[in-house]
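Colleague: First, the structure itself, so that you have it in front of you.
The values are calculated or read from the model by the stated rules, or taken from the named source; none is laboratory data. Because the structure is predicted, anything quoted here is derived from the model rather than measured. FYI the Cβ positions are ideal-geometry reconstructions off the backbone, even for glycines, and counts take in every protein chain you see.
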Amino acid sequence: MTDAPRDLVTLVRRATTRHASRPLFAIDRDGGWSRYTFADLAREEVRLRASLARLGVRPGDRVAIISKNREEWAVVLAATHALGAAIVPMYEMQHVDDWRHILHDAKARVCFASTDAIYARVRGLLGDLPDLAHVIGLERSAREHADDTSFRHLVDAGLPGEAPLVTPSPGDVAAFIYTSGTTGKPKGVKLSHASLAYEMSAISEGWDLGPGDRTVSILPWAHVGGFGELVAGIHLGFCAAVPSSFDKLAEAIRATRPTVIIAVPRVWNALYDAIHKGMAARPPALRWVWETALRAEKKRRSGLRLRKRERVARRIARRVLFPAVRAKLGGELRYAVSGAAALSKEIAELFVSIGIPMLEVYGQTETCAVSTANTPGATKLGTVGRPLRDVRIEIDRSVGDASDGSGEIVIHTPGAMLGYHGLDAETAAVIRPDGGIRTGDLGRLDADGYLLITGRVREVYKLENGKFVTPVPLEESLTLSPYIAQALVWGWNKPHNVAVLVIDEAAVRKWCDENGVRATAHTEDARVRELFVREIAERTRGCKGYERIESFALVTEAFTTENGMLTPTLKLKRSVVLARHRERIEALYG
């Protein structure tokens, strides 16, 4: 695309000019939805830019923000870039030690904090952060705090024209996006304007999306996927609904009727579970129609002929049941996009069967979000699609199990990071001399060039018998059970695999009521354990013999960010979960 912007400042300026009167965000506020337009972003960016320049922000500086998704986030992003500075996003739910590390590592000059509580905690870190000169609260009232600690005061006080617009060079750093820290301290990934601008141009190709399309903001903008979604939405003229909390997601979907939803597999898993639970409560005749129709849709995709009763069930479902489910998702959803982790093929097939294309994508922070994608008209379920324009995928078969064509995925892309901030050795270990990015993921390419993810290099372990096990696909299969909320599979240097299963308490309690189980400690009841034996067998039916789960522990404590078992991007901190349940796991081998 010859007119594609090469930096994010130009991208934002073009978008706010072209789409000035259009809504950029629908904001969940005071029980209703208010519009925030592209013109609002342009107006507030100019004013905040002037105030930040007065506070001393210069080209090459770093401006941090600790916040969930909200309209002020976009203003901070645009103003930071328009001063030639780089953005350093963080999560509200991160540990304060991570904030301290990131602010110190990035040498942030300014930090925006969303809530008064976060503002106070960051202020408490100032003694450890010699480079941090200003902490600004997004929610601090301009009336009560008519000073430079209030975002609203800075916007109100900034005068247009006071700070000239800086157009950065394509190679300048646009963002320091820190990794989630699953195996150590977060590392600052330096992404350039050129990389991000390329990404926005490449992912918009092959999609029939543009002004008038609507999405719901689910991915956090501090995550590279959410960051990319925000910038792509600005570039394409989207309107993004921004719910005030994740608990209001269903309400936001019904109210704003999105045409595209981008989410991680955990969200799609939850929707899959809700759909099946809703159908399970229907009369037997409708359940039969639903189940038969789903099987019929799968047979049709495989090119198989349908029996008469399957054709009847499919016809009824397409007229009644499938539209009813789509209505729960707003009724206008054209694309469901999943990324950040592997999605179960069973879940993808459900959405495709009810008439919603499920498009799985793949990438990393180090490769600027998306490197491969299934696109409309070029989709293969069970894969993460084909490479974007100018991206080349290489499979290094010296790593992993080459017997099935798998190896470490190496990505050659114009979206490659500049490196890890201040970590030359770590950078050299990931960026090869030829520019390829070692992903640490295992995968293979099929005959049509579609990429299949088969595991993670450092999560693969060897059993006592020398067989290699990739636990993540097993864990994902287990969580398709309505009774299993989360799972960890383990067996390093052991004779067989075991699992720690977090039960879905509501589902198990309902099963207990229906089956006359009255034990208070239901996780130890023999009949409940037998239920899980059957569920494990069903969900791992296609696994290899040595991958079978021979024993398991049932627990009620969820893996969460609060207890440190999940990263802010909801990835499993395997070492933390193993440490928490070490005694249970050892007892399973007793």
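Colleague: Please go through region 366-382 and pick out each residue that is in contact with a strand residue (DSSP E or B) (Cβ under 7 Å, 6 or more places away or on another chain) and surrounded by 23 or more Cβ atoms within 10 Å (Cβ to Cβ).
Modeller: 366, 367, 368, 370, 371, 372, 373, 374
Colleague: Being within 26 Å of the chain's Cα centre (by Cα) and charged (D, E, K, R), is that true of even one residue in region 415-434?
Modeller: yes
Colleague: Tell me, which helices (runs of 4 or more DSSP H) wholly within region 261-326 include 1 or more residues that are under 30 Å from residue 370 (Cβ atoms)?
Modeller: Here the list reads 265-280, 284-301.
Yes/no matrix, rows are residues, columns are (1) part of a helix (DSSP H, G or I); (2) of a type outside the set (Gly, Ala, Ser); (3) surrounded by fewer than 16 Cβ atoms within 10 Å (Cβ to Cβ):
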position: 557; (1), (2), (3): no, yes, yes
position: 570; (1), (2), (3): no, yes, no
position: 576; (1), (2), (3): yes, yes, no
position: 585; (1), (2), (3): yes, yes, no
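Colleague: Exactly one condition in (1) in contact with a His (Cβ under 8 Å, 6 or more places away or on another chain); (2) aromatic (Phe, Trp, Tyr); (3) surrounded by fewer than 19 Cβ atoms within 10 Å (Cβ to Cβ) is false for residue 38; which is it?
Modeller: Failed condition: (3).
Colleague: Kindly establish whether residue 168 is touching a residue at least 12 places away in the same chain (Cβ under 8 Å), of a type outside the set (Val, Ile, Thr) and over 22 Å from residue 391 (Cα atoms).
Modeller: Here the answer is yes, as residue 168 does meet what is asked.
Colleague: Quick one: count up the residues across region 300-310 that are loosely packed, with under 15 Cβ neighbours inside 10 Å and either within 20 Å of residue 356 (Cα to Cα) or out of contact with any Ser or Thr (no Cβ under 9 Å at 6 or more places or on another chain) (or both).
Modeller: 7
Colleague: Sort out for me the strands (runs of 3 or more DSSP E) sitting completely within region 1-82 that have 3 or more residues that are touching a Leu at 6+ places or on another chain (Cβ under 9 Å).
Modeller: Values: elements: 23-29, 32-37, 62-66.
Qualifying strands (runs of 3 or more DSSP E): 32-37, 62-66.
Colleague: Still on this structure, I have one more. Can you confirm whether residue 318 is surrounded by fewer than 14 Cβ atoms within 10 Å (Cβ to Cβ) and either over 30 Å from residue 27 (Cβ atoms) or over 20 Å from the mean Cα position of the chain (by Cα) (or both)?
Modeller: no
Colleague: Output the strands (runs of 3 or more DSSP E) that fall wholly within region 443-512 and possess 1 or more residues being of a type in the set (Ser, Thr, Tyr), or say none.
Modeller: Because the criterion is at least 1 residues that are of a type in the set (Ser, Thr, Tyr), the strands (runs of 3 or more DSSP E) in region 443-512 that meet it are 451-456.
Colleague: Something else about it: Could you please give the count of residues in region 119-131 that are closer than 17 Å to residue 154 by Cβ and under 29 Å from the mean Cα position of the chain (by Cα)?
Modeller: Counting residues in region 119-131 that are closer than 17 Å to residue 154 by Cβ and under 29 Å from the mean Cα position of the chain (by Cα) gives 2.
Colleague: Taking residue 424 as meeting all but one of (1) among the charged types (D, E, K, R); (2) surrounded by fewer than 18 Cβ atoms within 10 Å (Cβ to Cβ); (3) touching a Lys or Arg at 6+ places or on another chain (Cβ under 9 Å), write down the number of the exception.
Modeller: So the condition that residue 424 fails would be (3).
Colleague: Given the condition crowded, with 19+ Cβ neighbours inside 10 Å, under 28 Å from the mean Cα position of the chain (by Cα) and either β-branched (Val, Ile, Thr) or not in a loop (DSSP other than H, G, I, E, B) (or both), answer yes or no: does some residue in region 518-534 qualify?
Modeller: Checked region 518-534: no residue is crowded, with 19+ Cβ neighbours inside 10 Å, under 28 Å from the mean Cα position of the chain (by Cα) and either β-branched (Val, Ile, Thr) or not in a loop (DSSP other than H, G, I, E, B) (or both).
Yes/no per residue for (1) among the hydroxyl-bearing types (Ser, Thr, Tyr); (2) surrounded by fewer than 18 Cβ atoms within 10 Å (Cβ to Cβ); (3) in the same structural domain as residue 420 (by TED's automatic domain parsing); (4) in contact with a strand residue (DSSP E or B) (Cβ under 9 Å, 6 or more places away or on another chain):
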{"residue": "434", "(1), (2), (3), (4)": "no, yes, yes, yes"}
{"residue": "439", "(1), (2), (3), (4)": "yes, no, yes, yes"}
{"residue": "442", "(1), (2), (3), (4)": "no, no, yes, yes"}
{"residue": "445", "(1), (2), (3), (4)": "no, no, yes, yes"}
{"residue": "450", "(1), (2), (3), (4)": "yes, no, yes, yes"}
{"residue": "469", "(1), (2), (3), (4)": "no, no, no, yes"}
{"residue": "474", "(1), (2), (3), (4)": "no, no, no, yes"}
{"residue": "478", "(1), (2), (3), (4)": "no, no, no, yes"}
{"residue": "483", "(1), (2), (3), (4)": "yes, no, no, yes"}
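Colleague: Could you pull out the residue among 549, 536 that is at pLDDT 90 or above, within 22 Å of residue 266 (Cα to Cα) and touching a helix residue (DSSP H, G or I) at 6+ places or on another chain (Cβ under 8 Å)?
Modeller: Going through 549, 536 in turn, the sole match is 536.
Colleague: Exactly one condition in (1) touching a residue at least 24 places away in the same chain (Cβ under 8 Å); (2) assigned to a helix (DSSP H, G or I) is false for residue 360; which is it?
Modeller: Unmet for residue 360, out of (1) touching a residue at least 24 places away in the same chain (Cβ under 8 Å); (2) assigned to a helix (DSSP H, G or I): (2).
Colleague: Any residue that is assigned by TED's automatic domain parsing to the domain that holds residue 47, out of contact with any Lys or Arg (no Cβ under 8 Å at 6 or more places or on another chain), surrounded by fewer than 23 Cβ atoms within 10 Å (Cβ to Cβ) and not acidic (Asp, Glu) - is there at least one of those in region 75-90?
Modeller: No, that holds for no residue.
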